[in-house]
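Have a look at the structure below, then the notes.
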Amino acid sequence: MKNALVVNNLSLSVPSAKGRVTVVDDVSFDIPAGKKIGLVGESGSGKSLTAYSLMRLIKDPVQIDKGEIFLGEKEILGMSMKDFRHMRGNDISMIYQDPMSALNPIMRIGAQIIESIRLHSDLDHGQARRLAIEHLASVGIPEPDRRIDSYPFEMSGGMLQRVVIAIALSGEPKVLIADEATTALDVTTQDRVLTLIDKLAAERGLSVLLITHDLGVAAQFSDDIMVMYAGKLVEKGSVNQIFSHPVHPYTKALLDSRCDYTIDVTKPINSIAGQPPRLDNRPDGCVFSPRCEHVQPRCREGVPPLISVQDRLAACFRAEELFHVEMVK
Amino acid sequence: MRTQVTSVATVMGVSRIFKGKTGVVHALDNVSFDLKPGRTLALVGESGSGKTTAARVLLGLDTPNSGSIEILGRTLGLLKHEELRLLRREIQVVQQDPFSQLNRRHSVERIISGPLLAFNIGDKESRRDQVVELLKSVGLEKEHLRRRPHELSGGQCQRVAIARALALDPKIVVLDEAVSALDVSVRAQVLNLLRRIQEERGLTYLFITHDLGVAHYMADEIAVMFRGRIVERGNRDDVFNNSRHHYTVGLLSSVPLATPSATKRSREQVQALPSPGVDDACLYRSRCALGLGREDCKSTPLKITQGSETHSWLCHSPVEHG
């Protein structure tokens with residue numbers, strides 16, 4: 001299958017009192033055309049910085065130390081910003097967590113969509129306005145010809161996020177990044193917005209990178225899942241592989257520590273002891289080793305590579321072994 | 001009345017109306033609930049449903065327009081300033097944001113000993129011993145005494161806030177979205193901690209959350225709020241396995257589950273309408289698949305249906321099971 005996006009060995013760092021510290025560490029993945037990939041991890045795992053790199057939004061003091069990102073055929077990190085600007089919005093687009101701060105509060109939403117449409121085409125104002133109304137209708141905004149003249153404060157969070165989606169898709173990109181795009185929304189609204197993204201992705205053959213800390217959202221709205229911990233990609237596989245038979249101890253511990261209404265309330269939740277490492281204090285060897293219940297001396301010495309285990313990728317020396325132990329259970 | 005004997009707090013027919021430029025908002029509309037000793041009641045609902053207003057009213061931070069609130073047999077509105085102050089020893093709160101609820105210029109020791117100082121309890125030395133005890137009970141160490149909030153993680157700050165809430169040995173703790181800002185793995189630790197502390201101290205919790213999973217895990221009893229009203233109330237099994245209100249059913253099916261087998265379940269989506277029917281008897285009518293076509297949902301005032309001793313709902317035509 002053709003890949004819409006390929007990321008090779010991406011590493012990012014930030015300055016600290018102890019010198020530059022790595023926050024995204026040698027991350028590689030690809031998104032096949034038309035697939036939806038869920039990227040899950042806790043705060044500080046590097047998932048948002050990975051996304052920002054894809055949009056070339058990394059600014060000082062964060063730095064890209066190495067890596068390549070191919071969007072279609074083109075490598076974008078080595079490209080001039082002027083050239084990349086033509087791709088941003090046309091080839092790749094992003095929606096953010098807070099729709100209120102993604103939009104200009106004192107501009108009517110119509111003007112903001114029209115601005116984006118005209119930036120990516122040579123339509124005149126009238127044509128762009130008609131197209132904007134079509135876009136608003138396609139993201140399920142009722143009475144789009146009236147709502148186009150609304151200000152952001154006149155709309156609810158769910159409706160605003162639809163406006164942001166309409167703007168993101170106005171350049172007809174091939175890749176859409178949704179960075180915690182429904183985290184600020186109520187659960188019923190979240191459900192509608194995610195269903196909308198699902199539908200639009202299917203209609204347009206979009207490739208989606210869905211970044212979320214919510215395992216449920218990732219499980220319900222992705223084809224494949226990538227799990228990040230402390231800047232490392234630790235496991236990648238299909239939804240079923242990851243959620244039914246996780247092999248990386250972090251993935252498994254993360255799933256066990258969830259608290260949804262299907263868990264057994266008579267027992268304490270299996271929480272992960274300790275907390276994620278501080279950025280300036282990442283452990284040697286496997287980043288998860290200080291919290292891992294399966295840790296061995298070799299885990300503290302060498303960094304486990306992301307290798308193929310049971311039809312998925314996992315970065316754990318004991319993955320194969322733990323998979324079989326789990327299967328026997 | 002029987003309920004008063006078995007409750008540590010009773011909220012009876014409370015309404016709170018906010019007047020704004022665009023009209024009045026019924027943040028609480030004839031809300032009643034009670035807290036039973038050693039048990040947890042969860043108020044669940046989406047933003048704007050009134051759950052935080054309910055907590056504020058119970059804490060005496062806001063005054064209702066009508067209705068009455070009784071805490072440990074005392075009626076809130078009738079208390080003199082000093083009596084109210086003393087009553088506050090018995091009801092404490094933990095809020096959502098781990099950082100902003102702590103004074104960032106104070107050390108952990110000063111934060112946790114704050115309530116003790118306010119009530120002139122003990123001397124400097126005994127207070128320190130007490131703070132160390134409290135720190136241990138929430139899973140922190142003596143070494144954290146001198147730290148300031150910015151030196152702690154979100155989960156640790158939330159533990160400090162819990163320790164502070166426990167300092168006066170209260171009967172009731174209000175937890176207002178107390179784990180919502182925490183990551184999955186840390187949230188599980190704090191939830192387990194809260195359950196352990198409740199058991200050890202026989203605490204009563206009012207747990208306010210938008211997260212149904214958290215409510216399910218923590219609460220003996222759950223009240224579902226929608227636009228200032230409690231639309232369904234019951235014990236865990238009533239609300240989760242035998243939901244009668246259409247909103248509860250819609251809410252539950254909107255929660256994405258991290259279980260692959262649930263991937264293909266049919267989901268009932270809660271509809272959004274641009275202009276909710278504010279004059280409808282049932283405020284959920286405009287979003288309800290059933291109510292939209294029914295006249296009584298529009299014009300006949302709703303009455304609470306008591307389906308069983310534990311389970312009640314506010315709906316003319318509740319969901320039938322089986």
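The values are calculated or read from the model by the stated rules, or taken from the named source; none is laboratory data. What you see is a predicted model; the values in this text were computed from it and never measured. Please note: Cβ atoms are built from the backbone with ideal geometry, for glycine as well, and neighbour counts cover all protein chains shown. SASA here: full protein model, heavy atoms, side chains in, ligands and nucleic acids out. Shrake-Rupley method; radii C 1.70, N 1.55, O 1.52, S 1.80 Å.
A few points about this structure:
- For the stretch A:78-149, the relative contact order works out to 25 percent when only alpha carbon pairs closer than 8 Å and six or more residues apart are counted.
- When chains B and A come together, the accessible area they lose, probed at 1.4 Å and totalled over both chains, is close to 3600 Å².
- Taking a Cβ cut-off of under 15 Å around B:L145, the surrounding Lys, Arg, Asp and Glu residues balance to a net charge of +4, with basic ones at +1 and acidic ones at -1.
- CD proxy at 222 nm, helix term only [per DSSP H run n ≥ 4: -39500 (n - 2.57); per residue of chain B; nearest 500]: -9000 deg cm²/dmol
- Karplus (6.51, -1.76, 1.60) ³J(HN,Hα), θ = phi - 60°, over the stretch A:27-43, in Hz, Gly and Pro reported as x: 8, 10, 6, 9, 10, x, 4, x, 9, 10, 10, x, 10, 10, x, 8, 4
- Net dipole in debye of chain B [+1 Lys, Arg Cβ; -1 Asp, Glu Cβ; about Cα centre; nearest 20]: 620
- Principal-axis tilt of helix B:184-201 within chain B, Cα atoms, nearest 10 degrees: 70
- Between the stretch B:199-229 and the stretch A:42-64, the alpha-carbon center distance in angstrom: 37
- Within 10 Å of the Cβ of each residue in A:183-189, the mean number of Cβ atoms contributed by other protein chains is 6.
- Relative contact order of the stretch B:2-227, taken over Cα pairs closer than 8 Å and 6 or more residues apart, is 30 percent.
- Calculated from backbone phi, Karplus (6.51, -1.76, 1.60) coupling profile of the stretch A:312-329 in Hz, x at Gly/Pro: 8, 9, 8, 10, 8, 4, 9, 3, 4, 4, 5, 4, 5, 4, 4, 5, 5, 4
- Taking only the C-alpha atoms of chain A, the Rg (one decimal) and the largest Cα-Cα distance, Dmax (whole number), read 20.9, 68 Å.
- Ranked by the mean number of other Cβ atoms within 10 Å of their residues, highest first, the peptides B:107-119, A:76-88, A:219-231 come out as A:219-231, B:107-119, A:76-88.
- Only beta bridges with both residues in the protein assembly as shown are counted; by DSSP, about 60 percent of them are antiparallel.
- Taken over the Cα atoms of the protein assembly as shown, the convex hull encloses 183 Å³ per residue.
- Here the protein assembly as shown is assigned +1 on the Cβ of each Lys and Arg and -1 on the Cβ of each Asp and Glu. Its dipole about the Cα centre then comes out at about 1140 debye.
- Accessible area of B:S317 in the full protein assembly, 1.4 Å probe (Å², nearest 10): 20
- For the stretch A:246-329: rounded, prolate or oblate by the Cα gyration tensor [a/c cutoff 1.5]: oblate
- Probe 1.4 Å, protein heavy atoms only - accessible area per residue of the stretch B:2-227 in square angstrom: 45
- Close amide-amide hydrogen proximity is noted between B:V93 and B:V174, each under 5 Å apart and 5 or more residues distant or on a separate chain (H modeled in the peptide plane; Pro and chain starts excluded).
- Rounded to the nearest Hz, the phi-derived 3J(HN,Hα) couplings of the stretch A:99-110 under the Karplus curve 6.51 cos²θ - 1.76 cosθ + 1.60 (θ = phi - 60°) are x, 5, 8, 7, 10, 6, x, 10, 10, 4, 5, x, where x marks glycine and proline.
- Chain A: relative contact order in percent, alpha carbon pairs under 8 Å with at least 6 residues between: 20
- Averaged over the residues of A:238-250, the number of partner chain Cβ atoms lying within 10 Å of the residue Cβ comes to 2.
- Largest accessible area first, the residues A:K74, B:K21 order themselves as B:K21, A:K74 under a 1.4 Å probe with ligands, DNA and RNA left out.
- Taking the DSSP beta bridges with both ends in the stretch B:2-227, the antiparallel portion is around 45 percent.
- Net dipole in debye of the stretch A:246-329 [+1 Lys, Arg Cβ; -1 Asp, Glu Cβ; about Cα centre; nearest 20]: 160
- The distance separating the Cα centre of the stretch A:238-263 from that of the stretch A:290-310 comes to 18 Å.
- Whole-angstrom gap from the stretch B:57-125 to the stretch A:99-146, using each part's C-alpha centre: 49
- Cα-based shape type of the stretch A:75-146, given that a ≥ b ≥ c are square roots of the gyration tensor eigenvalues and the cut on a/c is 1.5: prolate
- Take each residue of peptide A:265-275, count the partner chain Cβ atoms within 10 Å of its Cβ, and average: the result is 5.
- Under-5 Å amide H pairs with A:L39, H placed in peptide plane, nonlocal only: A:L210, A:I211, A:T212, A:M226
- Under a 5 Å amide H cut-off, with hydrogens placed 1.01 Å from N, A:V234 pairs with A:V227, A:M228, A:Y229 among residues at least 5 apart or on other chains.
- Against chain A, whose longest principal axis is taken from its Cα atoms, helix A:157-169 shows a tilt of about 80°.
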